[in-house]
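Peer 1: Just dropping this structure here.
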Amino acid sequence: MDTQSYLPVQPGVGMEENFLSLDDILLSQERLPARTECAFPRLGFLEKSTDNPDIVEGTKMELPLWLSKGLYDRKRRVLSVELPKVYREGWRTVFNADPNVVDLHKMGPYYYGLGSQMLHFDCPENTEIGQTLLQTFIGRFRRNMDSSQNAYNEDTSALVERLDTLEKALFRSGQSGLNSFQSWEKGQASQITASALVLNYRKRKITDMQQ
Amino acid sequence: MDPAEVEFLAEKETVKIIPNFSLDKVYLIGGDLGPFNPGLPVDVPVWLALNLKQRQKCRIVPPAWMDVDKLEEMRDLERKEDAFMPVPSPHYMELTKLLLNYASDNIPKADEIRTLVKDIWDTRVAKLRLSADSFITQAEAHAKLDNLTLMEINTIRSFFLDSLNCMYKLRSNMQPSGDSKGHFNDY
């Protein structure tokens with residue numbers, strides 16, 4: 001089994017984000033519909049739809065998560081964030097009915113991550129959002145486990161394309177467990193093969209040296 | 001854990017061999033290996049048995065459970081019951097693979113045995129997945145599974161632990177710690 005020479009930083013737990021995690025950084029790029037509660041003078045260039053030099057109070061804009069989190073304040077002087085469609089009542093009933101049908105990759109590749117971050121902006125529906133996230137995960141768990149543990153040496157793109165990023169990481173770990181067991185059973189575990197590090201370095205292959 | 005590591009741990013099990021050489025008692029740190037006399041059976045660890053077999057210095061006697069009728073019984077019992085049955089040996093999968101690869105001439109009906117052991121393995125792994133699924137679906141806190149072998153646990157370990165971690169993350173959304181709500185750390 002190949003072990004990596006470095007371990008990437010995992011995404012953060014629950015409502016916290018890990019500063020150094022690439023997944024969290026990409027996640028914070030997702031845009032949220034927001035409404036400004038006060039005017040932003042001379043920042044009109046951010047709002048492409050109007051030519052106003054300032055952003056007046058009450059403008060509806062799409063802001064990325066990192067900006068919304070930074071500007072959000074409990075007293076709500078600056079910004080008020082609306083829930084994206086996927087976390088609203090309509091979609092929540094779809095998820096509660098059958099989580100397996102939904103294409104989570106299309107709903108934003110970071111469904112679970114963004115959902116956890118949305119809980120920072122106090123919405124009245126926070127508890128339901130948290131519960132829906134958990135129930136969706138549990139509902140899809142069975143299918144993810146079966147597909148990752150049984151697809152050996154096949155093209156898995158059809159299985160993976162409907163998965164969220166979190167589920168894709170799980171799928172990969174399931175596949176690696178399966179692959180290492182199968183390769184052991186075939187006897188490949190005791191065969192000596194060149195390490196990936198050495199092959200990439202390309203200085204040690206004897207065929208290259210003989211040319 | 002690699003399957004290769006589990007196999008290494010399995011090689012500590014003892015198996016009976018019939019040597020064709022003679023040697024006095026050997027005193028090793030892990031234990032003594034009794035005196036070897038040609039034609040008399042002696043118990044040795046599997047690693048030594050395989051080494052001697054490859055050098056053609058012994059004949060391996062298949063363990064008592066490696067018999068077609070007994071394995072058929074175990075397979076049928078495993079299929080009938082929902083719980084895990086007592087296993088023939090705590091490392092039955094590894095021993096089957098090792099012994100059948102290196103000593104298949106000493107073991108009668110090797111192919112049938114291989115098929116039967118694979119059937120038992122598939123049934124047990126299916127039961128394991130079922131219980132893992134019910135564990136997560138009902139969001140239990142503890143589970144007790146008897147009669148599981150290390151190899152079976154090993155195949156499911158990384159996936160299962162990662163998904164339990166994800167569940168923990170999603171669950172901790174619902175109980176935010178008191179001071180983190182509404183405050184964002186400036187890095």
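Peer 1: Distance between Cα centroids, the stretch A:17-37 to the stretch B:1-64: provide it in whole Å.
Peer 2: If you average the Cα positions of each part, the centres end up 60 Å apart.
Peer 1: What is the dipole size for chain A, taken about its Cα centre, with +1 at each Lys and Arg Cβ and -1 at each Asp and Glu Cβ, in debye to the nearest 20?
Peer 2: 440 debye
Peer 1: Within a Cβ distance under 12 Å of residue B:71, other residues only, what is the Lys/Arg minus Asp/Glu net charge?
Peer 2: It works out to a net charge of -3.
Peer 1: Same structure again: At q = 0.08, 0.10 Å⁻¹, work out log10 I(q)/I(0) for chain A with the Debye formula, treating every Cα as an identical point scatterer and leaving solvent out; two decimals please.
Peer 2: -0.44, -0.62
Peer 1: Go ahead and set up a Gaussian network model of chain A, Cα springs under 10 Å, then flag whichever of A:95, A:121, A:19 fluctuates most.
Peer 2: For chain A, modelled as a Gaussian network with Cα springs under 10 Å, the answer is A:19.
Peer 1: What's the whole-number percent of alpha carbon pairs in the protein assembly as shown lying beyond 35 angstrom?
Peer 2: Numbers: 37858 of 79003 pairs.
Result: 48 percent of Cα pairs exceed 35 Å.
Peer 1: Mind checking the angle between helix A:165-186 and chain A's longest principal axis? C-alpha axes, 0 to 90 degrees, to the nearest 10.
Peer 2: Helix A:165-186 sits roughly 10 degrees off the main axis of chain A.
Peer 1: Still on this model: Under 8 Å for C-alpha pairs, at least 6 residues apart: give me the relative contact order for chain B, rounded to a whole percent.
Peer 2: 20 percent
Peer 1: What's the Kirkwood radius of the stretch B:68-135 in Å, using all Cα pairs?
Peer 2: One decimal place: 12.7 Å for the Kirkwood radius.
Peer 1: Between the stretch A:146-201 and the stretch B:92-158, what is the C-alpha centre distance in whole Å?
Peer 2: When both Cα centres are located, 19 Å separates them.
Peer 1: Across the stretch A:1-159, how many lysine pairs, 8 or more positions apart or on different chains, have C-alpha atoms separated by under 23 Å? Please give the number.
Peer 2: 8
Peer 1: HN-Hα J couplings of the stretch A:43-50 from phi, Karplus 6.51/-1.76/1.60, θ = phi - 60°, integer Hz, Gly and Pro as x?
Peer 2: The phi angles translate into 10, x, 5, 6, 9, 6, 6, 10 Hz.
Peer 1: Here's something else I'd like to know. Just need the Rg to Rh number for the stretch A:38-84, please, alpha carbons only, Kirkwood Rh.
Peer 2: 0.95
Peer 1: Further question: What ranking, highest mean first, results for peptides B:146-158, B:84-96 when packing means the other Cβ atoms within 10 Å averaged over each residue? Walk me through the numbers on the way to the answer.
Peer 2: Numbers: B:146-158: 17.4, B:84-96: 19.8.
Most protected by this proxy first, the peptides run B:84-96, B:146-158.
Peer 1: By a straight-distance test (C-alpha under 27 Å), which lysines pair with residue B:53 as possible cross-link partners, with residues fewer than eight away in the same chain excluded?
Peer 2: Within the straight-line limit of under 27 Å, residue B:53 reaches these lysines: A:186, B:12, B:16, B:25, B:70, B:97, B:109, B:118.
Peer 1: Pairing the Cα long axis of helix A:126-150 with the longest principal axis of chain A, what angle in degrees results, from 0 to 90 and rounded to the nearest 10?
Peer 2: Helix A:126-150 sits at roughly 20 degrees to that axis.
Peer 1: Just order B:14-25, B:124-135, A:165-176 by mean Cβ neighbour count inside 10 Å, highest at the front, would you?
Peer 2: Ranking, from highest mean packing down: A:165-176, B:124-135, B:14-25.
Peer 1: If you take the alpha carbon radius of gyration of chain B and divide it by 2.2 N^0.38 Å, what ratio comes out, to two decimals?
Peer 2: Normalised Cα radius of gyration, chain B: 1.43.
Peer 1: Return one whole number: the accessible area per residue of chain B in Å², for a 1.4 Å probe.
Peer 2: Counting only protein heavy atoms, the per-residue value for chain B is 57 Å².
Peer 1: To continue, here is another question. Give the average, rounded to an integer, of partner chain Cβ atoms located within 10 angstrom of each Cβ in A:169-181.
Peer 2: 5
Peer 1: Normalised by the number of residues in chain A, what is the relative contact order in percent for Cα pairs under 8 Å and 6+ residues apart?
Peer 2: 16 percent
The values are calculated or read from the model by the stated rules, or taken from the named source; none is laboratory data. This one's a predicted model, so the numbers in the text were calculated from it and none came from an experiment. Cβ coordinates were reconstructed from backbone atoms using ideal geometry, including for glycine residues, and neighbour counts include every protein chain displayed. To get the accessible areas, we keep the full protein, side chains included, count just its heavy atoms, and leave off ligands, DNA and RNA. Shrake-Rupley method; radii C 1.70, N 1.55, O 1.52, S 1.80 Å.
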